[in-house]
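Everything below concerns the one structure shown next.
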Amino acid sequence: MNIKNKLYVSAGVSIILVVILFSLVLVTSGRIAEENKKHELVDTVRWGVSELDIVTYDYLLHREKRMEQQWNSRYNSLGEILEKATEEEELISIRAGYAALGDLFSQVTANNEKIQKLTQEGASQEKIDTAIGLEERLVAQLLITSHSVITDASRLAEESLIEVTEAQRITANLTLILVIMLAITVTTSSLFVARSISKPLDELTKGTEIIGKGDLEHKVEVKSKDELGQLAAAFNNMTESLKQTTASRDELEEEVTVRKQVEEEVKKSVEQLKQANIQLQEMDSLKSVFLASMSHELRTPLNSIIGFTGVILMGMAGEVNEEQRKQLTVVKNSASHLLSLINDILDISKIEADKVVLSLEEFSLDSVVREVVESVSPMASGKGLELVTELPEGTTLFSDRRRIKQVLMNLVSNAVKFTDRGSVRITARVSGDENLEFRVIDTGVGIRKEDMYKLFQPFQQVDISLTKKYEGTGLGLYLTKKLVDILGRDISAKSEYGKGSEFTFIVPLRYEEEK
Amino acid sequence: MREHKSMALTNAQKMFIGIAIIIVIGIPVGGCQEQPEKYTGPVEKITVAAAEYLTGALIYVAEDQGFFEENGLDVTIKGYASGKACADALIAGEADISTSADFVFVSNSYDYTDLRVLGTVATAQVKELIARKDKNITTIDDLAGKKIGVTRKSGAKFLFGVFLTLNALSYEDVELVDLRPPEIVEAISNGDIDAGFTWDPYTYNIKKELGDNAISWFGGEDFYFVLLTKEDWIESNPAAAERFIKSVLEAEDYIKDNSEEAKEFVKNRFDYESDYIDYSWPQQEFVVTLEQAMLITFEDQARWRIKNKLTEATEILNYLNYIYMDALEAVKPEAIGIIR
């Protein structure tokens, strides 16, 4: 049974007892009222007869009209009371006494008048004595009857009082018993309900404390089927959920810890990398400085070798036979190649060491392209290649003329070098209002897709097989990219192996220092 | 659905709430007392000739507390130094109601058969015999042959007779000196008389004068201070008479409930000394009644008057016919003890 119903049952039982108590009180108070009414009646009668007695004595003492008047008045009022009374049996003797009293008092007053009349008329003493003798008898009868009625009424009053008292006693006892029963019922049911509430509540409180301390394995042991049983079950379910949640949380916390450790390690690694990077940059810078110095030192003797080899080949130092010419030519070409290599290294070193000083000037696009074309024309003609230029007319640039030319030269000479037949096209167009876009398109060997990433790397030639066929330092495109990074905006390449390549680079029409 | 059920009141809950409300409301309502109805009818004028001393206190308290006004009466009080003067004012038509001692009423009853008694305003044993110890009076028997001051034709004379009779003496056994009450005070103080039989406040004054030299005995029967009126006034003003009695009964209740305040009021109203009011107050009972004993007292006094030839009449009047019970019957029937 749930608590609500228990409370209803408890209250219901109490109400039933109260109703019984109330009914009992009603019944017994009705009886008491009835007995009281009877008692009051006989008491009134007793009092009335007592008053008649008083007036009787008064009359017998003074025999005045006032006493007669009062006696009759009181007698009549008493008669009215007796007439209204319904208690026939109890009042039989009183009614009889009452009737006798009226009769006797009438006789006494009549006899008294007779005596006075006889006295006034001067009647014989014998007659007067007879009347007085009668009066004595009548008065004695009147007083005896009067006292007898008072005694009867007193007895009845006493009896009815005992009845009233008895009824009151029974009522009081029954009321007491019922009140005790009510108290016991209320106390028992209250205790029962309180116990059925407090015990599970204690369990729940203990459970809450235990679980609050972290013991999620604890179960609240409430077996009742009432609301508290439901609450305990819900509480246990909640604890179970809490346990699962706590387990997930522990895992999460562990993961967070691991992640933090990893993060710390990553931070350390990043720091180490930063340090390494700084060291590398320093080393790189040192390397560039070293290379620049070395290149300079190497170029001087190389220029002497090339110069003097040329002088010998020109025959200025004497006749040179064919074999000597052949070998000297190898020497001169090797020296030129070495010089070219050193020049590239020197340029790269300057760029990487951030020591490039730009020489800005206003110059004609056309002149730069023409110079490049003129330089590569002999080689192109030798291979039977067609050199085509497509340029916008009258375009001027504000930039480093020598570096622009160097970029263009690198790309065009590469194109001529790796193209055996077909053509090399040099195009330029103004892109937007600010930029100039160059394209160098050849119909040469092309580049494999998988080699494209090597294009702008230093000391790389995309196809090892071609290295011997096409001589090169492997620094050209690397240097070109570095220069475009400084001067221009972007350089890119696309190619189809066996069909040709297309290199595009963009430079601003007007170089700006801020850039 | 379950939630809805828990929110709504079930029939059982409504029943419990209903019972609780009935109990909570019922208790205070049951505890309320019925308030007396306030009089709203026309105001009637009454002139009262009232004794201007302690026994007339109920009239003055009723006026002071506004009971007459509340009961629709415009009462004019004419104060007199004695109950006889009050009765004289009533008989002369100067007042509608008077306050007088029983003896005054009986004295006038043969000559003025239209007098009616409405009820008492006080009962007391205020008549005392006070004697000087230095005149060798220490017991009642010592009074024989002594000079005793008493007022002729007064209630004191009658009660002194009763006193002597009850103590196996008679007027002839003593030397009676007819004096008015203040003269008794002076004569006994001077030693011109050996004892005096008189009433309050003269008894108090004598005791004050004599101090430890005084010895006293209360005299005979209770004395009734009654409200007198005339038959024709009663017949024309039965409702006013009823409201007058009601007002005086309210004053009686007030004195019972506020004895100290009433005592203080009376003391100030009549300019009494504190010692006097403390002496006299407990001897008075300010009650409105009509007792059988009062009726018998009237007859007793009438017989004494006839016996002492103070009236030409030879028969006792039927004083039952002089008592107007209807007013008191209407307001407080239990205060009527006259057998009827």
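The values are calculated or read from the model by the stated rules, or taken from the named source; none is laboratory data. Not measured: the values here are computed from a predicted model. A quick note on method: Cβ atoms are made from the backbone with ideal geometry, for glycine too, and the neighbour counts reach across all protein chains shown. Heavy atoms of the whole protein, side chains included, go into the accessibility calculation; ligands, DNA and RNA do not. Shrake-Rupley method; radii C 1.70, N 1.55, O 1.52, S 1.80 Å.
Details
- Residues located in the stretch B:188-206, provided they are open to solvent by 10 Å² or more (accessible area, probe 1.4 Å) and either closer than 18 Å to B:G219 by Cβ or in contact with a Ser or Thr (Cβ under 6 Å, 6 or more places away or on another chain) (or both): B:D194, B:W199, B:D200, B:P201, B:Y202, B:Y204, B:N205
- Test for A:M283: is it in a helix (DSSP H, G or I), under 30 Å from A:I345 (Cα atoms) and modelled with pLDDT of 80 or more: yes
- Put simply, of A:L176, A:L161 the only residue that is without any contact (Cβ under 8 Å) to a residue 24 or more places away in the chain and over 30 Å from A:M1 (Cα atoms) is A:L176.
- Selection status of B:K127, under 28 Å from B:G219 (Cβ atoms), in contact (Cβ under 8 Å) with a residue 12 or more places away in the chain, open to solvent by 10 Å² or more (accessible area, probe 1.4 Å) and not aromatic (F, W, Y): yes
- Among the candidates B:E221, B:E172, B:E242, residue that is part of a helix (DSSP H, G or I), modelled with pLDDT under 95, open to solvent by 40 Å² or more (accessible area, probe 1.4 Å) and out of contact with any His (no Cβ under 8 Å at 6 or more places or on another chain): B:E172
- Neighbours by Cβ (under 8 Å, 6+ apart or cross-chain): first from the stretch B:148-169, on the phi > 0 side of the Ramachandran plot; second buried (at least 16 other Cβ atoms within 10 Å of the Cβ): B:K153/B:S107; B:K153/B:L310
- Restricting the stretch B:190-201 to residues that are touching a strand residue (DSSP E or B) at 6+ places or on another chain (Cβ under 9 Å) and either small (G, A, S) or modelled with pLDDT of 90 or more (or both) leaves a set whose member that is nearest to B:K135 (Cα to Cα) is B:D194.
- Restricting the first member to the stretch B:284-306 and to residues that are more than 16 Å from B:R116 (Cα to Cα) and free of Cβ contacts under 8 Å to residues at least 24 places away in the same chain, and the second to residues that are of a type in the set (A, V, I, L, M, F, W, C) and open to solvent by 20 Å² or more (accessible area, probe 1.4 Å), the beta-carbon pairs closer than 7 Å and six or more apart or on different chains are B:R303/B:I316; B:I306/B:A313.
- Qualifying residue in the stretch B:311-320 (condition: more than 12 Å from every other protein chain (Cβ to nearest Cβ), over 30 Å from B:E260 (Cβ atoms) and open to solvent by 40 Å² or more (accessible area, probe 1.4 Å)): yes
- Per-region count, the stretch A:426-445, residues without any contact (Cβ under 8 Å) to a residue 24 or more places away in the chain and under 19 Å from A:S501 (Cβ atoms): 0
- Residue-level check: of (1) more than 14 Å from chain A (Cβ to nearest Cβ); (2) open to solvent by 10 Å² or more (accessible area, probe 1.4 Å), B:A251 misses just (2).
- Annotation note: Cβ proximity below 8 Å between a residue of the stretch A:214-228 that is touching a residue at least 24 places away in the same chain (Cβ under 8 Å) and a residue that is part of a loop (DSSP other than H, G, I, E, B) (sequence gap 6+ or interchain) occurs for A:K225/A:M1; A:K225/A:N2; A:D226/A:M1; A:D226/A:N2; A:E227/A:N2; A:L228/A:V222.
- Test: residue in the stretch B:132-144 that is of a type outside the set (A, V, I, L, M), touching an Asp or Glu at 6+ places or on another chain (Cβ under 8 Å), part of a helix (DSSP H, G or I) and under 22 Å from B:V106 (Cα atoms): no
- Selection from the stretch A:91-126 of residues that are part of a loop (DSSP other than H, G, I, E, B) and either hydroxyl-bearing (S, T, Y) or crowded, with 18+ Cβ neighbours inside 10 Å (or both): A:L91, A:S124
- Of all residues in the stretch B:294-312, those satisfying the criterion of being closer than 12 Å to B:G161 by Cα and either in contact with a strand residue (DSSP E or B) (Cβ under 6 Å, 6 or more places away or on another chain) or of a type in the set (S, T, N, Q) (or both) are B:Q301, B:N308.
- Just one of the listed residues (A:A100, A:A131, A:A140) is out of contact with any helix residue (DSSP H, G or I) (no Cβ under 8 Å at 6 or more places or on another chain), free of Cβ contacts under 8 Å to residues at least 60 places away in the same chain and not charged (D, E, K, R), and it is A:A140.
- Taken over the stretch A:316-367, the residue count meeting the criterion of being without any contact (Cβ under 8 Å) to a residue 40 or more places away in the chain, touching a strand residue (DSSP E or B) at 6+ places or on another chain (Cβ under 7 Å) and in a helix (DSSP H, G or I) is 0.
- Some residue of the stretch A:59-75 being open to solvent by less than 30 Å² (accessible area, probe 1.4 Å), in a helix (DSSP H, G or I), within 22 Å of A:D152 (Cβ to Cβ) and more than 10 Å from chain B (Cβ to nearest Cβ): no
- Selection of the stretch A:185-223 for residues being of a type in the set (G, A, S) and not in a helix (DSSP H, G or I) yields only A:G214.
Table: residues versus (1) within 26 Å of B:F163 (Cβ to Cβ); (2) within 13 Å of chain A (Cβ to nearest Cβ); (3) surrounded by 17 or more Cβ atoms within 10 Å (Cβ to Cβ).
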{"residue": "B:N258", "(1), (2), (3)": "no, no, no"}
{"residue": "B:E261", "(1), (2), (3)": "no, no, no"}
{"residue": "B:T289", "(1), (2), (3)": "yes, no, yes"}
{"residue": "B:Y324", "(1), (2), (3)": "no, no, yes"}
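- Just one of the listed residues (B:E285, B:E299, B:E312) is in contact with a His (Cβ under 9 Å, 6 or more places away or on another chain) and closer than 26 Å to B:L159 by Cα, and it is B:E299.
- Any chance A:D152 is in contact with a Ser or Thr (Cβ under 7 Å, 6 or more places away or on another chain) and open to solvent by 30 Å² or more (accessible area, probe 1.4 Å): yes
- Subset of the stretch A:20-45 (residues that are open to solvent by less than 80 Å² (accessible area, probe 1.4 Å) and within 14 Å of chain B (Cβ to nearest Cβ)): A:T44
- Flag for A:E83 being outside any helix (DSSP H, G or I), more than 14 Å from chain B (Cβ to nearest Cβ) and out of contact with any His (no Cβ under 9 Å at 6 or more places or on another chain): no
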